[in-house]
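Only one structure is covered here, and it is reproduced in the block below.
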Amino acid sequence: GDFKGAALNFEELFKRFEGNDDYLLDLADIYESLNEKEKAIEVYDRIEHVYGQYLQITQQKANTYLELNMPEKAREEWLKLIAFSTESANYTGYIKFLIDQQQVDEAINVIDQAIIDNPEDNSLLFLSSNSEFEKGNLEKSAEILRKPFADRSVSPNAKVRNLVKFLPKLQEGTIVADKVVALCDVLIKMHPEEHAGYSLSGDINYQLKC
């Protein structure tokens, strides 16, 4: 429980002996426990200097900046990570950060770029659809789902989750209702063995009084 003593001993370890960089994350955790956020940031910088940038450290570093009420510094860390690597997981972390900061329009712009850089990642299309749904763009939200729904490798449960949200919004004879019905038909076609698709189809038809 002597966190200050532990921090001093770790620092002494790094001074006296080489090759102990694996313990840097432990030191960062100790500084977080001591609420010495600035020192934790310094250790994260040291970790990046040794190992390069990666998602876990950027997440922790960004969260620490938010606790210091420095959201722009947190944003800079995400942008640095994406500049280092445009893999979808890095984009997803940044998108969630933007949504948490209630910057939905910017999140949508980042999602669009993420899709360009990772065209085979259907999870980004689900993010895009959800963002458009939250903005009230229901038709666009449903249209975006056409590609992942036509991919048999995408989990049917993920498809169901992304259709259920439309149920309270459906009205007979609207374009969005037609698109949702079509998506449900694709779901059943791609996964005929999954009962969830048939159940959802029943819910949709009930909602539309078909």
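The values are calculated or read from the model by the stated rules, or taken from the named source; none is laboratory data. Everything numeric here is computed off the predicted structure, so don't read it as measured data. All Cβ positions, glycine included, derive from the backbone under ideal geometry; neighbour counts span all protein chains shown. The accessibility values were calculated without ligands, DNA or RNA, using every heavy atom of the protein model including side chains. Shrake-Rupley method; radii C 1.70, N 1.55, O 1.52, S 1.80 Å.
Is it fair to say residue 77 is closer than 23 Å to residue 118 by Cβ and touching a Lys or Arg at 6+ places or on another chain (Cβ under 6 Å)? Yes: the conditions hold for residue 77. Among the residues of the stretch 131-177, those identified as part of a helix (DSSP H, G or I), open to solvent by less than 60 Å² (accessible area, probe 1.4 Å) and closer than 25 Å to residue 97 by Cβ are 131, 132, 133, 141, 144, 148, 158, 162.
Out of all the residues in the stretch 178-206, which are touching a Pro at 6+ places or on another chain (Cβ under 8 Å) and in a helix (DSSP H, G or I)?
Residues satisfying the conditions are 187, 190, 196, 197.
Screening 51, 23, 44 for residues that are open to solvent by 40 Å² or more (accessible area, probe 1.4 Å), among the hydroxyl-bearing types (Ser, Thr, Tyr) and either in contact (Cβ under 8 Å) with a residue 60 or more places away in the chain or within 24 Å of residue 92 (Cα to Cα) (or both) leaves exactly one candidate, 51. Just to be sure before I move on: is residue 156 touching a His at 6+ places or on another chain (Cβ under 7 Å) and more than 26 Å from residue 78 (Cβ to Cβ) in the structure I sent? In short, yes.
If the condition is being over 26 Å from the mean Cα position of the chain (by Cα) and either closer than 18 Å to residue 133 by Cβ or modelled with pLDDT of 95 or more (or both), then the stretch 152-175 contributes 170, 171, 174, 175.
Name the pairs: first residue in the stretch 143-163 and more than 14 Å from residue 188 (Cα to Cα), second residue among the acidic types (Asp, Glu), Cβ to Cβ under 7 Å, at least 6 apart or on different chains? As it stands, the answer is 144/132, since those pairs meet every condition given. Of all residues in the stretch 54-72, those that are surrounded by 17 or more Cβ atoms within 10 Å (Cβ to Cβ) and either closer than 25 Å to residue 19 by Cβ or over 20 Å from the mean Cα position of the chain (by Cα) (or both) total 4. On inspection, residue 105 passes the criterion of being assigned to a helix (DSSP H, G or I) and either surrounded by fewer than 15 Cβ atoms within 10 Å (Cβ to Cβ) or in contact with a Cys (Cβ under 8 Å, 6 or more places away or on another chain) (or both).
Residue 69 - would you say it is over 19 Å from residue 93 (Cβ atoms) and not in a helix (DSSP H, G or I)?
The answer is yes for residue 69.
With respect to residue 124, determine if the residue is surrounded by fewer than 16 Cβ atoms within 10 Å (Cβ to Cβ), of a type in the set (A, V, I, L, M, F, W, C) and within 15 Å of the chain's Cα centre (by Cα). No: the conditions fail for residue 124.
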